[in-house]
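Take a look at the structure set out below.
The values are calculated or read from the model by the stated rules, or taken from the named source; none is laboratory data. Note that the structure is predicted; figures quoted are calculated from it, not measured. In this analysis, Cβ positions are derived from the backbone assuming ideal geometry, glycine residues included, and neighbour counts consider all displayed protein chains. Accessible surface is based on the protein model in full, side chains and every heavy atom, while ligands, DNA and RNA are left aside. Shrake-Rupley method; radii C 1.70, N 1.55, O 1.52, S 1.80 Å.
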Amino acid sequence: MGMASSGILSFICCRAGLVEAKTVITFDFWLKKILPVGLFMALTLWTGNVVYLYLTVAFIQMLKAFTPVVTMVCLFLAGLEDPTKKMIASVLLTAGGTAVAAYGEVNLSIIGLVFMFSSETGEAIRLVMTQVTGSSPHHACMACMVLAHGQTN
């Protein structure tokens, strides 16, 4: 619902002239920047739903607290953020809390953990790629419109 609303509003704003779309999204740009974001979103949705077959809802909610850790690591690896002592401490604290929650889980499934961490990693990579695409020289409105519903001009 959110993606559809974002896509429709971006399309209307760009087409109605409220925001000027300065560039045309080429097939090469779409293939290299937009398609991978969509693929990682699909991976996140698929693995995020399959995990419910293997882990309890309460445990999945606890593991979701680990997503900012994975996202921060991806931002560090992509060179978009510089690690500071406070950031590293908060990441380690979150990772430690997640590990403590995992230790007490009775119905722990390795397959479920693989799906959960695949979902979190896919989401983190998608967020990093979206940030890179949104900060590209292409107009933010056009990038948002294409990211929302995959159209090319």
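A few points about this structure:
- Condition broken by L45, with the remaining ones in (1) under 30 Å from V114 (Cα atoms); (2) open to solvent by less than 70 Å² (accessible area, probe 1.4 Å) satisfied: (2)
- The range 73-101, residues that are in contact with a helix residue (DSSP H, G or I) (Cβ under 7 Å, 6 or more places away or on another chain) and farther than 22 Å from W46 by Cα: L75, A78, L80, E81, P83, M87, V91, T94, A95, T98, A101
- Flag for A95 being out of contact with any Ser or Thr (no Cβ under 6 Å at 6 or more places or on another chain) and under 13 Å from E120 (Cβ atoms): yes
- Among residues of the range 54-68 that are within 10 Å of M116 (Cα to Cα) and modelled with pLDDT of 85 or more, those with a Cβ under 7 angstrom from a residue that is open to solvent by less than 50 Å² (accessible area, probe 1.4 Å) and aromatic (F, W, Y), sequence gap 6+ or separate chain, pair up as Y54/F115.
- Within the range 119-132, being among the β-branched types (V, I, T) and surrounded by 16 or more Cβ atoms within 10 Å (Cβ to Cβ) holds for T121, I125, V128, T130.
- So L93, is it surrounded by fewer than 15 Cβ atoms within 10 Å (Cβ to Cβ) and either in contact (Cβ under 8 Å) with a residue 60 or more places away in the chain or part of a helix (DSSP H, G or I) (or both): yes
- Total residues in the range 98-148 satisfying the condition of being assigned to a helix (DSSP H, G or I) and modelled with pLDDT of 70 or more: the figure is 31.
- Pairs, first farther than 19 Å from L53 by Cα and open to solvent by 80 Å² or more (accessible area, probe 1.4 Å) in the range 97-118, second at pLDDT below 95 and part of a helix (DSSP H, G or I), C-beta under 7 Å, six or more apart: none
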